[in-house]
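Below you'll find the structure, written out as structure tokens, and then a few comments.
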């Protein structure tokens, strides 16, 4: 049975989202969850939930400290050795848990995972992989979405290999199409980074399709898209904001027009289907690819559904041994000039 450690004090609504999400995961996935945080706070939240789930699959591990969203990642890692996120990472390192989930301070979670778990051989920097729904029905994996603001060409090449393996393993994509995010499809377009990355990407045993543009995040033209973390994070946040606006505007339009013509039930069903297709919580958190331990990072505003699905992603990641596959994949090309990790 797989065991996932959840930082119960991480999210904006902690521990409410974490506790509810953990209970949902236990019921649906049959895994064991360790809720890491202040025992009295977590227990109090648990008491608000009715019975009907297997108590033996849920455990509380006490941690005296909590990392806030406002804290410096470096200071939090250095000074708060008994924080809920660090204790969760320690449980993974010690083999008590197979993976960890946190909706806490993203920088602190990344720094903690790198410190506690170490890096996969062949990787210079870890990358956050985010999943985007597409018109084709097959999700697109964008990486990096914020772990590394400044990148070099070699790092983008490593991201491409990790994204390719992740898409194959988790989404069962056969021969994923890998694209490089740029301002035009033509190879000569882009900045110094994209032009330097292209020749490296061409040398890899990947289905590299060249440059893709921002709109291709949602068309399904590529299964994996690589970029630096600055651009990736902007693309992610713009997309999330746009989805929220569209959902709000669509809801208003349905209420004002369609419901009067074809009936409330039909319009509500269509709207519910749309919301589910674009809801970030359906995809869970973003895996931090490149660290040895399984680490899934969620939105600070994650609800119970997002936590549940993040636990699902963690179990899939661990059961498919994605880290070993990444290491094997990087080994095939790390001997090439200019590609090996420092």
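Cβ contacts < 6 Å: first residue over 13 Å from residue 289 (Cα atoms), restricted to region 317-329; second residue modelled with pLDDT under 90 and in a helix (DSSP H, G or I), any location; separation 6+ or different chain. Result?
Once the first residue is over 13 Å from residue 289 (Cα atoms) and sits in region 317-329, its partners that are modelled with pLDDT under 90 and in a helix (DSSP H, G or I) give 320/169.
Out of region 300-316, which residues are out of contact with any helix residue (DSSP H, G or I) (no Cβ under 7 Å at 6 or more places or on another chain) and assigned to a helix (DSSP H, G or I)?
Listed by number, the residues that qualify are 310, 313, 314.
Does region 20-40 hold any residues that are under 21 Å from residue 82 (Cα atoms) and surrounded by fewer than 20 Cβ atoms within 10 Å (Cβ to Cβ), and which are they?
Of everything in region 20-40, those that are under 21 Å from residue 82 (Cα atoms) and surrounded by fewer than 20 Cβ atoms within 10 Å (Cβ to Cβ) turn out to be 38, 39, 40.
Which of the residues belonging to region 49-65 are part of a loop (DSSP other than H, G, I, E, B) and at pLDDT 85 or above?
Those that are part of a loop (DSSP other than H, G, I, E, B) and at pLDDT 85 or above: 49, 63, 64.
Could you check residue 222 against (1) in a loop (DSSP other than H, G, I, E, B); (2) surrounded by 21 or more Cβ atoms within 10 Å (Cβ to Cβ); (3) in contact with a strand residue (DSSP E or B) (Cβ under 7 Å, 6 or more places away or on another chain); (4) modelled with pLDDT under 95 and say which number it fails?
Going through (1) in a loop (DSSP other than H, G, I, E, B); (2) surrounded by 21 or more Cβ atoms within 10 Å (Cβ to Cβ); (3) in contact with a strand residue (DSSP E or B) (Cβ under 7 Å, 6 or more places away or on another chain); (4) modelled with pLDDT under 95 one by one, residue 222 breaks only (4).
What's the number of the only condition in (1) surrounded by 14 or more Cβ atoms within 10 Å (Cβ to Cβ); (2) over 11 Å from residue 7 (Cβ atoms); (3) in contact (Cβ under 8 Å) with a residue 60 or more places away in the chain that residue 45 fails to meet?
(3)
Out of 330, 289, report the one residue that is within 30 Å of residue 160 (Cβ to Cβ), buried (at least 20 other Cβ atoms within 10 Å of the Cβ) and at pLDDT below 85.
330
One line per residue, one yes/no per condition, for (1) more than 18 Å from residue 310 (Cα to Cα); (2) touching a strand residue (DSSP E or B) at 6+ places or on another chain (Cβ under 7 Å); (3) without any contact (Cβ under 8 Å) to a residue 24 or more places away in the chain:
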position	(1), (2), (3)
93	yes, no, no
99	no, yes, no
102	no, yes, no
116	yes, no, no
123	yes, no, no
128	no, yes, no
133	no, no, no
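Per-residue answers, yes or no, for (1) assigned to a helix (DSSP H, G or I); (2) farther than 28 Å from residue 18 by Cβ; (3) in contact with a helix residue (DSSP H, G or I) (Cβ under 8 Å, 6 or more places away or on another chain); (4) modelled with pLDDT under 60:
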site: 230; (1), (2), (3), (4): yes, yes, no, no
site: 241; (1), (2), (3), (4): yes, no, no, no
site: 250; (1), (2), (3), (4): yes, yes, yes, no
site: 259; (1), (2), (3), (4): yes, yes, yes, yes
site: 265; (1), (2), (3), (4): yes, yes, no, yes
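Exactly one of (1) more than 30 Å from residue 227 (Cβ to Cβ); (2) surrounded by 13 or more Cβ atoms within 10 Å (Cβ to Cβ); (3) in contact with a strand residue (DSSP E or B) (Cβ under 7 Å, 6 or more places away or on another chain) is unmet by residue 82. Its number?
(2)
Exactly one condition in (1) surrounded by fewer than 20 Cβ atoms within 10 Å (Cβ to Cβ); (2) in contact (Cβ under 8 Å) with a residue 60 or more places away in the chain; (3) over 22 Å from residue 130 (Cβ atoms) is false for residue 55; which is it?
For residue 55, the exception is condition (2).
With the requirement that a residue be closer than 19 Å to residue 62 by Cα and in a helix (DSSP H, G or I), what does region 1-41 give you?
Of everything in region 1-41, those that are closer than 19 Å to residue 62 by Cα and in a helix (DSSP H, G or I) turn out to be 16, 17, 18, 19, 20, 21, 22, 23, 39, 40, 41.
Any idea which of 94, 43 is over 18 Å from the mean Cα position of the chain (by Cα) and farther than 21 Å from residue 11 by Cβ?
Going through 94, 43 in turn, just one is over 18 Å from the mean Cα position of the chain (by Cα) and farther than 21 Å from residue 11 by Cβ: 94.
Here's the yes/no breakdown for (1) closer than 16 Å to residue 325 by Cβ; (2) buried (at least 22 other Cβ atoms within 10 Å of the Cβ); (3) in contact (Cβ under 8 Å) with a residue 40 or more places away in the chain:
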site: 142; (1), (2), (3): no, yes, yes
site: 150; (1), (2), (3): no, no, yes
site: 154; (1), (2), (3): no, no, yes
site: 163; (1), (2), (3): yes, yes, yes
site: 166; (1), (2), (3): yes, yes, yes
site: 173; (1), (2), (3): yes, no, yes
site: 179; (1), (2), (3): no, yes, yes
site: 185; (1), (2), (3): no, no, no
site: 195; (1), (2), (3): no, no, no
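The values are calculated or read from the model by the stated rules, or taken from the named source; none is laboratory data. These figures come from a predicted structure and were not determined experimentally. Ideal geometry is used to build each Cβ from the backbone, glycine not excepted, and the neighbour counts take in all protein chains shown.
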